[in-house]
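Chemist: Here it is, the structure, as structure tokens.
Just so you know, all these numbers are worked out from the coordinates, no wet-lab data involved. Predicted model, so just to flag it, every value in this text is computed and none were measured. Every residue, glycine among them, receives a Cβ derived from its backbone with ideal geometry; neighbour counts consider all protein chains shown.
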Amino acid sequence: MMPFIDLAAQQARLGPRLQAAIEAVLAHGRYVLGPEVEALEGRLAGRLGVAHCIGCASGTDALQLALRALEVGPGDEVVVPGFSFIATASSVALVGARPVYADVDPRTGLLDPGATEAAITPRTRAIMPVSLFGQCADMEALEALAERHGLAVIEDAAQSFGATRHGRPSCGLSRVAATSFFPGKPLGAYGDGGALFTDDDELAATLRSIARHGEAGRYRHPRLGTNSRLDTLQAAVLLVKLETFDEELGWRQAVAERYDRLLADLPVEPLALAPGNTSVHAQYSLCLAARERVRERLAAAGIPTAIHYPTPLYRQPAVADPGCRLPACEALCQRILSLPMHPYLESAQQERVAEALRQASPGHIFG
């Protein structure tokens, strides 16, 4: 079976450097908040040109920390896309607020600014756009909308670290942004991890305090916090991976462009790249009819696929809004399919994927 994401190929390439970095942590023994964490935070903030990076335990924690630092809580509403991973909505619910769902652009899957404005009520405190599948949401329009209504914007950049919009980096487009270092991300650790980014000194201090038990100095806790720290070992792994990250982004771009060429004559619709965006291609997703039959044919050919995402967030029982119906979200959930995607995907493997799709009898499967 062809791997969907080939972490083994990356590990084989970086193995000696990863081993050395891990052994350095074992030697100094500072497993929590060791020097690698501070070094990584500095490297990531410098890369983006923002003042502060705060490492934390996961991308989901990063979203919750941002909401808590902005004092979003019970009685408040946060506008989120109806098409995303559960963490986007559950993080809002976990701080006691209500996720309010807005529709997405059917071509890109990104939060639609017009639909977002229609979802704003007097209780709205923030907008949480998702920079989905590797490319940024329309942050300029959403920031302008937020300014008109006096709202905060939190970029959910769990899938887009390394992407840009009009030359500006994802995670540097709003007052605060959150990303994930889950292993399958373009910049992934060997376990969970996340980070927050901001230029706001006061907000950065609050974020760091909440992530460390609400402390303001040793054994002083003026606010309720939690335990959400990025492990030193994960920071060490990420520092090594950061050395080759730009090269891997170039390879991801080449893989995406090759897919575009190979699939150009097939009745499938790859999600579009929005004008002004570059993408890190966290996924390569397309829309097609008779998806389940296509998946079966590909699986029989040894080609794995994934559905990101099969159910709109407003139909997930934990965060459901029974009266919500968003046409673009519904259509994407019914038709979207993700193909194998990673920087080490070889042209022969992609040709095999394209041929398997071609053999799936266009008149019967895609019609």
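Chemist: Using the count of nearby Cβ atoms within 10 Å as a rough guide to exposure, how do 72, 294, 79 rank from fewest to most?
Modeler: Details: 72 23, 294 20, 79 28.
Going from sparsest to densest Cβ surroundings: 294, 72, 79.
Chemist: First obtain the Kirkwood hydrodynamic radius of the range 233-337 from its Cα pairs, then insert it into the Stokes-Einstein equation at 10 °C and 1.306 mPa s, and state the resulting D in µm² per second as a whole number.
Modeler: Here the translational diffusion coefficient equals 96 µm²/s.
Chemist: Which is the longest part of the chain that has none of the chymotrypsin sites (Phe, Trp or Tyr not before Pro) sitting in a DSSP loop with at most 15 other Cβ atoms within 10 Å?
Modeler: Answer from the scan: 32-218.
Chemist: Compute the longest continuous run of the chain that contains no exposed GluC sites (Glu not before Pro); treat a site as exposed when its DSSP state is not H, G, I, E or B and it has at most 15 other Cβ atoms within 10 Å.
Modeler: In the chain, the maximal stretch lacking such sites is 72-345.
Chemist: Further question on the same structure: Pop out the ³J(HN,Hα) list for the range 217-231 in order, Karplus 6.51 cos²θ - 1.76 cosθ + 1.60 with θ = phi - 60°, rounded to Hz; leave Gly and Pro as x.
Modeler: x, 4, 6, 10, 10, x, 9, 6, x, 9, 9, 9, 10, 6, 5
Chemist: If I take every Cα pair under 8 Å that is 6 or more residues apart in the range 251-361, average their sequence separation and divide by the length, what percent do I get for the relative contact order?
Modeler: It comes to 38 percent, rounded to a whole number.
Chemist: Starting with the highest mean, order 53-60, 297-304 by the number of other Cβ atoms within 10 Å, averaged over the residues of each peptide.
Modeler: Top of the packing list down: 53-60, 297-304.
Chemist: Within the range 191-254, list the trypsin sites (Lys or Arg not before Pro) lying in a DSSP loop whose Cβ has at most 15 other Cβ atoms in a 10 Å radius. Don't jump to the answer; show the numbers that get you there.
Modeler: Working: sites: 208, 212, 218, 220, 223, 229, 241, 252; in loops: 218, 220, 223, 229.
Those satisfying the criteria are 218, 220, 223.
Chemist: With every atom except the alpha carbons ignored, what do you get for Rg and Dmax of the range 1-89, in angstroms?
Modeler: When restricted to the Cα atoms of the range 1-89, Rg and Dmax are 18.1, 52 Å.
Chemist: Mind sorting 173, 242, 326 by how few other Cβ atoms lie within 10 Å of their own Cβ, fewest first?
Modeler: The most exposed by this proxy come first: 242, 326, 173.
Chemist: I've got another one for you. Considering only the other residues whose Cβ falls under 13 Å of the Cβ of residue 82, what net charge follows from Lys and Arg at +1 and Asp and Glu at -1?
Modeler: Details: positive: 315, 325; negative: 103, 105, 112, 321, 330.
The answer is -3.
Chemist: A further question on this structure: At what distance in angstrom do the alpha carbon centres of the range 186-265 and the range 109-156 lie from each other?
Modeler: With the range 186-265 and the range 109-156 each reduced to a Cα centre, they are spaced 21 Å.
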